[in-house]
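Notes to accompany the following structure.
The values are calculated or read from the model by the stated rules, or taken from the named source; none is laboratory data. Model, not experiment: these values are computed from the prediction. Every residue, glycine among them, receives a Cβ derived from its backbone with ideal geometry; neighbour counts consider all protein chains shown. In case anyone asks, the SASA skips ligands and DNA or RNA and just uses the protein heavy atoms, side chains included. Shrake-Rupley method; radii C 1.70, N 1.55, O 1.52, S 1.80 Å.
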Amino acid sequence: MRLNVMAISLCAVAVCAQQSVAEPSEVWFLNWSDYIDPSVTESFKAGHGQNVEIEQYGEANVAESRLSAKDTGYDLAVISADSVARLAETGGLKRLDVSLAPNIAALDRELWDLFLSSMPQAGGYAVPYLWGTTGLAFDREAVAERLPGVATDSWSLIFDPENAAKLADCGIVIADSSEEVVAIALAYLGKDPHSREPEDIDAAFDVLAGIAPYVRSFESTLYDGIGNEEMCVALSWSTEALTPIMEELTDRFEFVLPKEGSNLWVDVFVMPVDAQNETGAMQFLNHVISPMNLTLSAVYNSGAIAAPITLELVDWEAYDVPALTLPPEVRENLFFLSDRSVEQKRALERRWRLMQVGM
């Protein structure tokens, strides 16, 4: 992949341990692993004279737990949007002064309003960073060999136990995300993916329990497995699935958004309640979401382009994928997760873990 307007320069990012109090010349930043183009942090340092010290994490629950503790040492964090309402409710976040980040005005307002309609409690506490979808990545050859003629644009590819049994030998992997996968199972069943009705949740877990014996693993990191062709089907985030495909690490995998509907997600900037360098944090946020820098990080991570102006900066030959450009006809079949309370999330997570071990 490349940008039409400039070459992408990759440079090293220091991964540092957190500190309890941030110096004015530093912004302490919690982020998903390798989830920002290194040149963006370097250009911020050059332009603003502040270092960005990054601590990385690999699981959404880890970030939520750290911010819930309210003694983090971070000035800014990127987290899954479905955590925002819970963290705001428990006092783990500060409201953002959006006047300090004028580049917010260039972001995709239609997508953000759609998100806020399903999770209004996030308003004022979060700014969107990278968007993505959850779909199926599959090895065309391996699937065709085991399931000739079976539709690959349906969740039935893995949710039908007969199909799952035939794919077990080459490897089914499912993203380790209880809220997303349960919602997807509900959509597969033709039910409301936002349903909290006990009988609907039971039905979703019946589907998942029925295929669990054929699932190799539930993982948060799928990039290497897809790039190395170590699995044949993955229920995966688009960032994990499309990056190795677009980097040409494999030409056997395809990524689809199944016809029954799929999850649209967004990772967001939030400010921990104990942030010390608020001004620096908002300057850094504003820098990251400028059209050029947002495009750099979107391409670096195979994230969806969520600011209309950045569409002009992308090399379409490499990037013209519906799961990344999110045209209207694709958006119509996508849904956001709705908010769960701390207690609801804990109960769902417990059931999710028990399902994985066959209980």
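In segment 161-186, what count of residues is obtained for those that are without any contact (Cβ under 8 Å) to a residue 24 or more places away in the chain and not basic (K, R)?
Our first condition is that a residue be without any contact (Cβ under 8 Å) to a residue 24 or more places away in the chain; within segment 161-186, this holds for 162-163, 166, 169, 186.
Next, from what is left, pick out any that are not basic (K, R): 162-163, 169, 186.
So the count comes out to 4.
What's the number of the condition D169 fails, among (1) of a type outside the set (A, V, I, L, M, F, W, C); (2) in contact with an Asp or Glu (Cβ under 8 Å, 6 or more places away or on another chain); (3) open to solvent by 30 Å² or more (accessible area, probe 1.4 Å)?
(2)
In this structure, is M231 surrounded by fewer than 21 Cβ atoms within 10 Å (Cβ to Cβ) and over 25 Å from S65 (Cβ atoms)?
no
For segment 232-252, check the following and say yes or no: at least one residue is part of a helix (DSSP H, G or I), out of contact with any Cys (no Cβ under 6 Å at 6 or more places or on another chain) and at pLDDT 95 or above.
no
E55 versus (1) surrounded by fewer than 16 Cβ atoms within 10 Å (Cβ to Cβ); (2) modelled with pLDDT of 95 or more; (3) among the acidic types (D, E): which is the lone unmet condition?
Condition not satisfied by E55: (1).
If we scan segment 205-217, do we find a residue that is crowded, with 19+ Cβ neighbours inside 10 Å and in a loop (DSSP other than H, G, I, E, B)?
Looking for residues that are crowded, with 19+ Cβ neighbours inside 10 Å and in a loop (DSSP other than H, G, I, E, B), one finds at least one in segment 205-217, hence yes.
Select from segment 272-326 the residues that are assigned to a loop (DSSP other than H, G, I, E, B), of a type in the set (V, I, T) and within 27 Å of L30 (Cβ to Cβ) and write down the one among them that is modelled with the lowest pLDDT.
Looking at the filtered set, the residue picked out is I305.
Could you tell me whether any residue of segment 109-117 is touching a helix residue (DSSP H, G or I) at 6+ places or on another chain (Cβ under 6 Å) and surrounded by 18 or more Cβ atoms within 10 Å (Cβ to Cβ)?
no
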